[in-house]
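What follows is a set of notes on a single structure, which appears directly below.
The values are calculated or read from the model by the stated rules, or taken from the named source; none is laboratory data. All values derive from a computational prediction rather than experimental measurement. Cβ placement follows ideal geometry from the backbone for every residue including glycine, while neighbour counts extend to all protein chains displayed.
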Amino acid sequence: MKKRFLALALLFAGVLTVNAVGKKETPREAAGTLIFTDSAGRAVEIPENITRIVPSGALAQMFLAAVAPDMICAIPSAYGSYEMGFLPPYFAALPVVGQFYGAANLNPEEIARIGPDLVIDVGEPKDTIAEDMDNISATIGIPTVHITATLRTTPEAFRTLGRLLGRTEQGGRLARFCEKTLAAADELMAKVGSRKKSVLYCQGKAGLNVLARGTFHTEILDWMTDNKAVVDNPASRGSGNEANFEQILLWDPQVILFGPGSVYGEAANDLAWRELRAVKSGEYYEIPSGPYNWMGSPPSINRYLGMIWLGKVLYPQYAAYDLYAETAEYYRLFYDHDLTREQFETLTRNSLPGGENGVSVR
């Protein structure tokens, strides 16, 4: 909350400067406009012909890169060379303007200088969403809209974005993929019933940070597994809650999911981790990542890929689909990237039971 207020303070501090820069350096030709009612119920006057957009943060960036990547003229944070291996090459040269929520480092002066037609926020709305969007728009002199997207409403969010940006076909394709994935996961979990496997999501260099039950970041985990990380104050942040090893031993899950860059590679030879039944039985996996963590970080459309992967890993008897085929379809649709079998095997090298789809993970 303090970060959000700091962001607002910075935005208001730069109002006069930003508007002056925007008017001086990004003159606009007269064009038609229309009224768009966003998910916050705001009637926003927007250009009739939108060609240049800026996302308000990482979640919006992921949605917009899937619907209209060529329209994006600035990004919230820079990509590394590994992530760029899956994304359009020109993303590497786009200016970085920060984000409104999360890091709260939005650069209104830079956005105004770039002069997009529209700033778009996508995700679960904060209580102050209407006020937040109004403040951004007033500060930079550029219309700003919010599109709500929860796990279940993501298909409709894609359709809305498709209509808004004149990409109805692509928005529809993305929506149908999400609907298909949700339906398949619902069917799979109906078969699993009360026989959910107990799981811990461990991350951080020591593997002692857990994603606790009951947060936005564990929505998939809580649905598809018996998430053993139950704490008094679950943290609604990607780094989760810090635990100690004694507590992890008490939880002793059937399966451990290690976040990328954690202690997956050390667990089998570590005397402490070897006490856990998941490590003893070999039921521990490293979550695939590229260009994003498949289970979240940020918790956006990448979670649909996480559903597909998690179902195959935990409940293969009910997951009759070909994981490579489903993953390759996702990469084509969401990243416009043709995922080769070799790339898939690299992504999932530590992420599948031995021999699954021809990949040996031990």
Scanning the range 219-243 residue by residue, those of a type in the set (S, T, N, Q) and at pLDDT below 95 turn out to be Asn233, Ser236, Ser239, Asn241
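Yes or no, residue by residue, for (1) in contact with a Leu (Cβ under 7 Å, 6 or more places away or on another chain); (2) farther than 13 Å from Ile287 by Cα:
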| residue | (1), (2) |
| --- | --- |
| Gly306 | no, no |
| Ala328 | yes, yes |
| His337 | no, yes |
| Arg341 | no, yes |
Subset of the range 131-159, residues among the β-branched types (Val, Ile, Thr) and in contact with a helix residue (DSSP H, G or I) (Cβ under 9 Å, 6 or more places away or on another chain), comes to Ile136, Thr139, Ile140, Ile142, Thr144, Val145, Ile147, Thr148, Thr150, Thr154
Within the range 61-101, of all residues that are buried (at least 16 other Cβ atoms within 10 Å of the Cβ) and hydroxyl-bearing (Ser, Thr, Tyr), the one nearest to Val145 (Cα to Cα) is Tyr101
When restricted to Glu286, Glu326, Glu345, the only residue in contact (Cβ under 8 Å) with a residue 12 or more places away in the chain and within 21 Å of Phe177 (Cα to Cα) is Glu326
Within the range 309-362, the residues that are surrounded by 15 or more Cβ atoms within 10 Å (Cβ to Cβ), out of contact with any helix residue (DSSP H, G or I) (no Cβ under 8 Å at 6 or more places or on another chain) and modelled with pLDDT under 95 are Val361
Only one of Met307, Met295 is within 26 Å of Ala157 (Cβ to Cβ), assigned to a loop (DSSP other than H, G, I, E, B), touching a residue at least 40 places away in the same chain (Cβ under 8 Å) and of a type in the set (A, V, I, L, M, F, W, C), namely Met295
Checking Pro291, Pro299, Pro316 in turn, the sole residue that is more than 19 Å from Ala185 (Cβ to Cβ) and not assigned by TED's automatic domain parsing to the domain that holds Ala65 turns out to be Pro291
Within the range 181-240, the residues that are crowded, with 16+ Cβ neighbours inside 10 Å, under 16 Å from Ala319 (Cα atoms) and more than 21 Å from the chain's Cα centre (by Cα) are Leu188, Met189, Val192, Lys196, Lys197
If we keep only residues of the range 241-256 that are in contact with a helix residue (DSSP H, G or I) (Cβ under 8 Å, 6 or more places away or on another chain) and among the hydrophobic types (A, V, I, L, M, F, W, C), then the residue surrounded by the fewest Cβ atoms within 10 Å (Cβ to Cβ) is Leu249
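Kindly indicate whether any position in the range 261-284 is in the same structural domain as His217 (by TED's automatic domain parsing), touching a Lys or Arg at 6+ places or on another chain (Cβ under 6 Å), crowded, with 22+ Cβ neighbours inside 10 Å and not aliphatic (A, V, I, L, M).
no
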